[in-house]
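The values are calculated or read from the model by the stated rules, or taken from the named source; none is laboratory data. Just so it is clear, the structure is predicted and the values come from calculations on it, not from any experiment. Don't worry about glycine lacking a Cβ; one is built from the backbone with ideal geometry, like all the others, and counts go over all protein chains shown. Quick note on the areas: whole protein, heavy atoms, side chains included, nothing else; ligands and nucleic acids left out. Shrake-Rupley method; radii C 1.70, N 1.55, O 1.52, S 1.80 Å.
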Amino acid sequence: MVWLDDRLMNDPLVAAAIGGHPRVRAHHAKPIMRALLQSGVELAGLHLDTAIAAYLIDPAETRYSVGELLAKYTPFEMSIDGATASGQLDFGDHGDGRGAASAEALAVTHLADALDRELREQGMAELYATIENPLVRVLAKMEHVGIAVATDELRQLNASLTADVERLGTELQVVVGRPFNINSPVQLREILYTERGLVPGKKTKTGFSTDAATLEKLRDQWPEFIEPLLRYREVEKLRSTYGAGLLAEVGPDARIHATFNQTVARTGRLSSDQPNLHNIPVRSEEGRRFRKAFVPATGCMLLVADYNQIELRCIAHLANDPGLIEAFIGGRDIHSATAERIFGVLAADVTVEQRSKAKMVSYGLAYGMEAYGLGQRLGIPTDEAAVILDAYFLAFPNVKAYMEHTVVEARKRGYTETLFGRRRPIAELMSSNFRVRQAGERQAMNAGIQGLAADIFKVALVRIDEALVRGGHRSRVVLQVHDEVVVEVPDEERVEVGPMVIEIMRHAAELVVPLEVNVAWGATWADAKG
DNA sequence: TCGGCCGGTCA
DNA sequence: CGTGACCGGCCGA
């Protein structure tokens, strides 16, 4: 653990010393790195982050506190109240927290040794050293830099949505004839199913559902209420989560500094919060307006680069399926190619519906979907969905074999493993409960696919940052969304940085199919889409 | 104040 | 009865 006061942190000699001393061990190094970055010091010598090591060993854990990890992986225990016992780490109470801080620092060194050994024993030392460890610094920098926001535009958008919500709210109260809380599913249930007597659809744990799909079915029976309600939901979602939500997170520098969590997603993906920048609307034109508020700094453009169907390419590779491989190598529209094979038609004859069904089958498959679920989503009977699934597996036999093999192997070992050695324990596979067990099987099928895509993306992210630093560029990675990276690029660096990012992403991993990367430039995040 | 639940957004 | 996330709001403890 490194402790520096303000004066020392600004000393270039100290910075150089830290950078040149590659044995820093810390628990959650990222916030420490961010604090140092505030003072212009880049911590370059991270050797082991005990929280991340613990995450690799057991990604299903929800909390990685030093005390709990110490008890789990070492013979030591943290002292709680200063009472000492054999094997406890306790430096006594000085009344100023020094004792606790010392104990924690010592605990981290013990933990680091234990976790380091564990990583090596589980074959994850390389995954840690080449991907996760360097990623900590990349994420710290991303968070530190943040992404610029057009605050005025965001405020205007929020105000407009607020006005719409108020108007719709009033309209709904008038239709019902009395005031009520539109945001309350309980009160909506009462109005729809008890007072109005509509026939309820599906149920939730606590009563009948009022979700959008259900309301859609009831629409014609009470359009003057349900239509404004659906619209209200839409607008209120945008207003509360994205309008008010994003505004609340804009910093004094007019940028949003979200957190990118490296120890949350059980598959190896990153997660984002405060705010979550992974679910900014994109599908509807109205929602996309929020992406227009994400902008580059003056004199810069945003470069948006995302992988084309990376998960399906991962399936092609992992299953080593000739049909999928051929389609990807041929540079085909994968959903058309799939439809062609499933429905036995010529490429030119694939209808929009067939392509859409093929797309749903492909993605559903990556999630372990079965005939029932497919039928639900396609709005067709289960047996018809089963015919489509059979046709898929007939066309892509190795995919079926891969799925089955993955589950068998996971059950045998108790965990799944990605190509890069990332493990995911799945205890559910041994459950006596059929539904729980089936859920475990779906997780097993998905883990290798989503996990590999995540690994590849992390490699690309680390290499992009490395290339930007090495090249002395001012371009900065400002955002990532699972298979997409956003880079803020000074105008004069565009010619060089654009192709460089593409090249790095394409070769982050060498699969049996090519990795394709879409790139776009924009003066906003929305403009750089497509 | 907290946590479970609902509903909705993304890859 | 498709995987993985986060969040705003409601509501009861």
Restricting region A:190-213 to residues that are over 30 Å from A:Asp273 (Cα atoms) and open to solvent by less than 70 Å² (accessible area, probe 1.4 Å), the one nearest to DNA strand B (Cβ to nearest atom) turns out to be A:Gly207
How many residues of region A:370-400 are within 28 Å of A:Lys458 (Cβ to Cβ) and open to solvent by 30 Å² or more (accessible area, probe 1.4 Å)? The answer is 1
Residue set A:Val138, A:Val108; condition farther than 14 Å from A:Leu48 by Cβ and of a type in the set (Val, Ile, Thr); output residue A:Val138
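Any idea how many residues of region A:472-496 are touching a Ser or Thr at 6+ places or on another chain (Cβ under 6 Å) and open to solvent by 10 Å² or more (accessible area, probe 1.4 Å)?
1
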Inside region A:146-178, the number of residues satisfying the requirement of being of a type in the set (Val, Ile, Thr) and under 28 Å from A:Glu285 (Cα atoms) is 6
Do we have A:Arg283 as out of contact with any strand residue (DSSP E or B) (no Cβ under 9 Å at 6 or more places or on another chain), without any contact (Cβ under 8 Å) to a residue 40 or more places away in the chain and either open to solvent by 30 Å² or more (accessible area, probe 1.4 Å) or more than 19 Å from A:Gln480 (Cβ to Cβ) (or both) here?
yes
Counting only strands (runs of 3 or more DSSP E) wholly inside region A:207-314, the ones holding at least 1 residues that are more than 16 Å from DNA strand C (Cβ to nearest atom) and in the same structural domain as A:Val481 (by TED's automatic domain parsing) are A:300-307
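Can you find a residue in region A:130-140 that is basic (Lys, Arg), open to solvent by 50 Å² or more (accessible area, probe 1.4 Å) and either under 30 Å from A:Lys72 (Cβ atoms) or not in a helix (DSSP H, G or I) (or both)?
So the first thing to find is which residues in region A:130-140 are basic (Lys, Arg), and the list is A:137.
Within this subset, residues satisfying the condition of being open to solvent by 50 Å² or more (accessible area, probe 1.4 Å) are A:137.
Filter once more, so that each one left must be either under 30 Å from A:Lys72 (Cβ atoms) or not in a helix (DSSP H, G or I) (or both): A:137.
Yes, region A:130-140 has at least one match.
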Determine, yes or no, whether A:Tyr367 is modelled with pLDDT under 95, open to solvent by 60 Å² or more (accessible area, probe 1.4 Å), hydroxyl-bearing (Ser, Thr, Tyr) and within 16 Å of DNA strand B (Cβ to nearest atom).
yes
Filtering region A:172-189 for residues that are open to solvent by less than 80 Å² (accessible area, probe 1.4 Å) and more than 15 Å from DNA strand C (Cβ to nearest atom) leaves a count of 2
A:Phe434 passes all but one of the listed conditions (1) away from DNA strand B (no atom under 16 Å from the Cβ); (2) surrounded by 19 or more Cβ atoms within 10 Å (Cβ to Cβ); (3) of a type outside the set (Asp, Glu); the exception is number (2)
Those residues of region A:503-519 which are touching a residue at least 40 places away in the same chain (Cβ under 8 Å), under 21 Å from the mean Cα position of the chain (by Cα) and under 21 Å from A:Ile334 (Cα atoms) amount to A:Met505, A:Ala509, A:Leu515, A:Glu516, A:Val517, A:Asn518, A:Val519
